[in-house]
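In what follows, a structure is listed as structure tokens, so that the remarks can point back to it.
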Amino acid sequence: MSDYQAPLKQMRFTIEHLAELPEVLALPAYSSVDADTVEAVLEEAAKFASGVLAPINWLGDRQGVRVVDGAVQVPAEFSDAYARFCEGGWPGIASNPDYGGQGLPKAVAVACDEMWASANVSFALCPELSQGAILAMDRHATEELKQQFLEKLVSGQWAGTMCLTEPQAGSDLSSLTTKAEPIGDRYLVSGRKIYITWGDHPMAENIVHLVLARLPDAPAGTKGISLFLVPKYKLNLDGTPGPLNDVRAVSVEHKLGIHASPTAVLAFGDEGGSEGFLVGAPNEGLAAMFTMMNYMRLGVGVQGVGLAERAYQKSVAYSRERVQGRAPGERGRVPIIRHPDVRRMLLLMRSLNQACRAVCYYTAGCLDRGTHGVDEQSAAPWMTRAELLTPVAKAWCTEVAQELTSLGVQVHGGMGYVEETGVAQFFRDARIASIYEGTNGIQAIDLVGRKLVRDGGATVSAFVSDMRALDAALANAGERLAATRAALAKGLDEIVQCSSYILGAERKDPELASAVGFNYLMLVGNVIGGWQLARGALAALRELEAGASDRTFLEVQVVMSEFYAEQVMPRNLAYGATVRTGSRSTMALAAESF
Ligand SMILES: Cc1cc2nc3c(=O)[nH]c(=O)nc-3n(C[C@H](O)[C@H](O)[C@H](O)COP(=O)(O)OP(=O)(O)OC[C@H]3O[C@@H](n4cnc5c(N)ncnc54)[C@H](O)[C@@H]3O)c2cc1C
């Protein structure tokens, strides 16, 4: 029996009411997707996650991975699970049907992503990266490359990676030095990439590396970066994997968490050059890579949700079993779930994580509508909103995941700190999520610089207006949602004030975006999360009034919103006050004075 059960009811509710699946399914692109298909996919994904992936999560953490003779070895159980994952058609559920995908909306696939991450985040990273590579190739590669590579990637027979980072080029990709020399219609790529997730492994027959590199005459900085496809094995004339392509796994990192996900140092072209193919236009590789990075950023937010959900489930089970102390008004010793402080932690975990889930699923729904809208005019605002939400989903949800997986340890007391309970693994596995795919500090700068300042606050303002429009319905709900209503109104006021403060001050203070960006992002995430829980509470009240049978579940939605309004929304005041103090005290010490 697995210790992970997918929260299917909560996921269905979120997909339908908060990611607005009915509107997404009304798009012509999804005319062949019906509610029964969605239900069947969710049910089967839940079985696969709890029956196949979750049972090998702990084993992967213990065994880890290693390099033997220039190749990475992973636990055999992972290779078996990957084969079953591919047999089930899971790699391609949301991929383009032209290449064998099932073309489901992201608003549905995101729930599967959450299940994979909850069950086994190390495993989940492999197909997640392949998906990102597929999307980037589908948008930017030549027809010939698509024909050669996409079907195999969509089926999972081949896997994808993302090769950006070099020792001197982490957050700052402008300093990357990997080279690509043109030879006929292809390129010889040489250089060293570090930290490459699933950079090498035996689970797939070939590995398709998407590599950022520089052409010989490329300008310095980010404007001289191009994107190349470099397969692990060159292709034979019939398209099957042939000889090795001079890509070698030098080593894998020993890390705090995600032990079963190989984080490899890859050497390209040590013996003359790895054969590569240009993807997109020369010197415009970073823009092409952003397709993959943005996809992955939402995926990393979802990893946070998955890990926090698993930590919550374990914490609830433990707090029902562990008997300790006495509670007011009760006879004898009680399970710790009776103690108000434990209840505070559990409800914080449940409500904050549901808010994060809703932010991620809603972002997925915006992407579906932005990508497949009937015309440019109706699609564009959804894409703009998805772009605004991407750094929030990535950074806010992963910051929250640090807090919630840590609370999972706390609920277990000393047993949380020892490894045997498994809850410490979720805490360790979650830690990377705020670092990779652009650290959360970099996400905050993106939110302020590209999403707020660039259009003078127009996108943020339009979203705030939409969120404010919920006020009338909350007022109609009466006393039950009065705290929710007041907290949302105050939170939106904070966003407005902080946005206009930043817009007014950023020209005079070049350090402002980086100094206050993080707290601005936390404010925006926290308020959007509150808005989503308020929408959930209203939907639940409507269903209760209509006589729905699952009253306990619906009541939980209302209580989560009330609790969040009273216990989490007050954080907005602190975030807002911090933003409005600007960079002065943050930058008051000279670097030498630390
Ligand atoms: C387990 C793991 C898996 C990874 N997988 C991949 C992968 O598959 N592919 C890949 O290409 N990379 C991968 N990475 C690399 C990852 O994306 C980088 O580690 C990350 O982008 C940060 O870069 P860095 O480590 O060089 O940190 P640095 O850039 O050195 O940052 C250090 C600190 O300085 C801050 N900082 C840096 N620049 C600025 C700035 N301009 N303004 C404000 N703050 C700044 C950062 O926020 C951070 O707090 C992985 C890393 C790990 C650990």
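Values quoted throughout were computed directly from the atomic coordinates according to the rules given, and no laboratory measurement underlies them. Predicted model only: the values in this text are computed from it and were never measured. Every residue, glycine as well, gets a Cβ built from its backbone with ideal geometry; the counts of neighbours run over all protein chains shown.
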For this session: Find the centroid of the Cα atoms in the stretch 398-456 and in the stretch 179-216, then give the distance between the two in whole Å.
Result: 30 Å
For this session: Along Cα→Cβ, 7 Å out, is where each label goes; now give me the distance between the ones at VAL496 and THR439 in nm to one decimal.
Result: 3.5 nm
Seminar exercise, completed: Computed D for the stretch 437-594, Stokes-Einstein, Kirkwood radius over alpha-carbon pairs, 37 °C, 0.692 mPa s, to the nearest µm² per second, is 194 µm²/s
Exercise. Where the centroid of each part is defined by its Cα atoms, how far is the stretch 460-496 from the stretch 12-32 in Å?
Worked result: 24 Å
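I'd like the Kirkwood hydrodynamic radius of the chain, using the inverse of the mean 1/r over distinct C-alpha pairs, in Å. Intermediate values should be presented prior to the final figure.
Working: mean 1/r = 0.0402 Å⁻¹.
After inverting the pairwise mean of 1/r, the radius is 24.9 Å.
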Exercise. Classify the stretch 1-149: rounded, prolate or oblate, from the alpha-carbon gyration tensor (a ≥ b ≥ c, eigenvalue square roots; a/c under 1.5 rounded; otherwise prolate if a/b is larger than b/c)?
Worked result: oblate
For this session: Step through the residues of the stretch 554-569 one at a time and calculate ³J(HN,Hα) from phi using the Karplus curve (6.51 cos²θ - 1.76 cosθ + 1.60, θ = phi - 60°), rounding each to whole Hz and writing x for Gly and Pro.
Result: 5, 4, 4, 4, 6, 5, 4, 5, 5, 4, 4, 4, 7, 9, 10, 4
For this session: Using per-residue counts of other Cβ atoms within 10 Å, averaged over each peptide, order 557-569, 541-553, 165-177 from highest down.
Result: 557-569, 165-177, 541-553
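Once you've got the Cα coordinates, tell me which of LYS255/LYS394; LYS106/LYS451; LYS106/LYS146; LYS179/LYS223; LYS314/LYS394; LYS193/LYS232 are over 18 Å apart.
On the way: LYS255/LYS394 21 Å; LYS106/LYS451 22 Å; LYS106/LYS146 21 Å; LYS179/LYS223 15 Å; LYS314/LYS394 24 Å; LYS193/LYS232 14 Å.
In this structure, LYS255/LYS394; LYS106/LYS451; LYS106/LYS146; LYS314/LYS394 exceed 18 Å between Cα atoms.
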For this session: Please state, rounded to one decimal and in Å, the Kirkwood hydrodynamic radius that the stretch 338-408 gives when every pair of distinct Cα atoms enters the mean of 1/r.
Result: 13.5 Å
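By how many nm would the segment from ARG322 to GLU419 grow when fully extended, if each residue of separation counts as 0.36 nm and the alpha-carbon distance is taken off? If you can, show how the numbers build up before the last one.
Details: separation 97, 0.36 × 97 = 34.92 nm, distance 1.72 nm.
Contour length minus the Cα-Cα distance gives 33.2 nm.
Between ARG551 and ASP471, what FRET efficiency follows from the Cβ-Cβ distance if R0 is 25 Å, with the result rounded to 0.05?
Details: r = 26 Å, r/R0 = 1.06.
Working from the Cβ atoms, E equals 0.40.
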Seminar exercise, completed: Taking every C-alpha to C-alpha distance in the stretch 374-519 and binning by 10 Å from 0, the per-bin percentages run 10, 27, 29, 24, 9, 1
Problem set entry | aspartates and glutamates whose Cα lies under 14 Å from that of LYS490, excluding same-chain neighbours fewer than 8 positions away | ASP471, GLU566
Exercise. On the first, second and third principal axes, largest extent first, how far apart are the outermost C-alpha atoms of the stretch 417-462 in Å?
Worked result: 52, 19, 13
Exercise. With each label point set 7 Å from Cα along the Cα-Cβ vector, what nm distance links SER174 and GLU77?
Worked result: 4.7 nm
Seminar exercise, completed: So TRP58 and GLU143, fully extended at 0.36 nm per residue minus their Cα-Cα distance, gain in nm 26.4 nm
Seminar exercise, completed: The answer for GluC sites (Glu not before Pro) in the stretch 492-541 that fall in a DSSP coil and have at most 12 neighbouring Cβ atoms within 10 Å is none
Exercise. Rg and Dmax of the stretch 125-267 over Cα atoms: what are they, in angstrom?
Worked result: 14.7, 44
For this session: Could you give the size of the charge dipole of the stretch 89-229 about its Cα centre, using +1 on the Cβ of each K and R and -1 on the Cβ of each D and E, expressed in debye and rounded to the nearest 20?
Result: 260 debye
Exercise. Among LEU21, SER32, GLN63, which residue has its Cα positioned farthest towards the positive end of the charge dipole of the stretch 1-117, with +1 placed on the Cβ of Lys and Arg, -1 on the Cβ of Asp and Glu, and the dipole taken about the Cα centre?
Worked result: GLN63
